[in-house]
Amino acid sequence: MDGKEARRRRQALIEAMAGLGAQAPLEEDEALTDARIMARLAWGRDRIEAFKRATKAVDDAWMAQLAPYDDVDEEDLPDLPSPPEQAVLEAILAEIHAVTEKDRWPRHLHWSV
């Protein structure tokens with residue numbers, strides 16, 4: 001069995017299992033899958049860049065909060081609230097962890113077989 005025949009049989013099996021029937025040639029399905037993968041990769045790169053920016057913003061915010069206490073021992077520091085930037089960072093981290101640990105993608109990046 002050549003490669004084209006194997007792909008045709010695999011596609012037929014997938015369609016039969018999904019109850020879809022023949023909807024599109026295999027080449028179109030591969031192009032759609034490639035586009036979906038590229039969209040997920042772009043989302044991942046964007047989230048990592050957002051994470052880097054948010055981390056810097058949180059570090060800067062903490063440094064600004066701690067600046068008045070430069071001469072104070074660490075044990076004597078008052079309890080300071082987390083800066084608002086911390087919530088942004090944690091939201092980005094939650095998105096990344098949902099994908100990497102639970103395979104839960106944002107709605108616009110979902111697809112089914």
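Quick check on my filter: what residues within segment 84-113 are aromatic (Phe, Trp, Tyr) and modelled with pLDDT of 85 or more? Spell out the reasoning first.
The first filter runs over segment 84-113 and keeps only residues aromatic (Phe, Trp, Tyr), leaving 105, 111.
If the condition is that a residue be aromatic (Phe, Trp, Tyr) and modelled with pLDDT of 85 or more, then Trp105 is the only one that fits.
Given the residues Leu77, Leu26, which is the only one that is at pLDDT below 90, aliphatic (A, V, I, L, M) and under 30 Å from Lys4 (Cβ atoms)? Explain how you work it out, then say what you get.
Working: Leu77 fails: under 30 Å from Lys4 (Cβ atoms).
When all the criteria are applied, what remains is Leu26.
When Asp2 is evaluated against the numbered criteria (1) at pLDDT below 70; (2) closer than 26 Å to Leu93 by Cα; (3) acidic (Asp, Glu), which criterion, by number, is the only one it fails?
Of (1) at pLDDT below 70; (2) closer than 26 Å to Leu93 by Cα; (3) acidic (Asp, Glu), only one is false for Asp2: (2).
Out of segment 68-107, which residues are closer than 18 Å to Ala39 by Cα, in contact with a helix residue (DSSP H, G or I) (Cβ under 8 Å, 6 or more places away or on another chain) and either part of a helix (DSSP H, G or I) or among the aliphatic types (A, V, I, L, M) (or both)?
Correct list: Ile92, Glu95, Ile96, Val99.
List pairs: first in segment 75-95 and more than 30 Å from Pro106 (Cβ to Cβ), second modelled with pLDDT under 95, Cβ under 8 Å, 6+ apart or cross-chain?
Close Cβ pairs satisfying both conditions: Leu77/Leu66; Leu77/Tyr69; Pro78/Tyr69; Leu80/Gln65; Leu80/Leu66.
Identify, please: which residue in segment 33-64 is basic (Lys, Arg) and under 24 Å from Pro84 (Cα atoms) and is, among those, surrounded by the most Cβ atoms within 10 Å (Cβ to Cβ)? Quick ask: steps written out before the conclusion?
Residues of segment 33-64 basic (Lys, Arg): 36, 40, 45, 47, 52-53, 56.
The next check asks that each one be under 24 Å from Pro84 (Cα atoms); those that pass are 45, 47, 52-53, 56.
Numbers: Arg45: 10, Arg47: 16, Lys52: 11, Arg53: 14, Lys56: 12.
Taking the candidates together, the pick is Arg47.
Suppose we filter segment 77-92 for residues that are among the hydrophobic types (A, V, I, L, M, F, W, C) and either closer than 11 Å to Gln65 by Cα or surrounded by fewer than 15 Cβ atoms within 10 Å (Cβ to Cβ) (or both); how many remain? Walk me through it before giving the result.
Taking segment 77-92 and keeping what is among the hydrophobic types (A, V, I, L, M, F, W, C), we get 77, 80, 87-89, 91-92.
With either closer than 11 Å to Gln65 by Cα or surrounded by fewer than 15 Cβ atoms within 10 Å (Cβ to Cβ) (or both) added as a condition, the list becomes 77, 80, 87, 91.
The number of residues fulfilling the criteria is 4.
The values are calculated or read from the model by the stated rules, or taken from the named source; none is laboratory data. Every value quoted in this text rests on a predicted model; they were computed, and no experiment measured them. Neighbour counts are summed over all protein chains in view; Cβ atoms, including those assigned to glycine, are modelled from backbone coordinates with ideal geometry.
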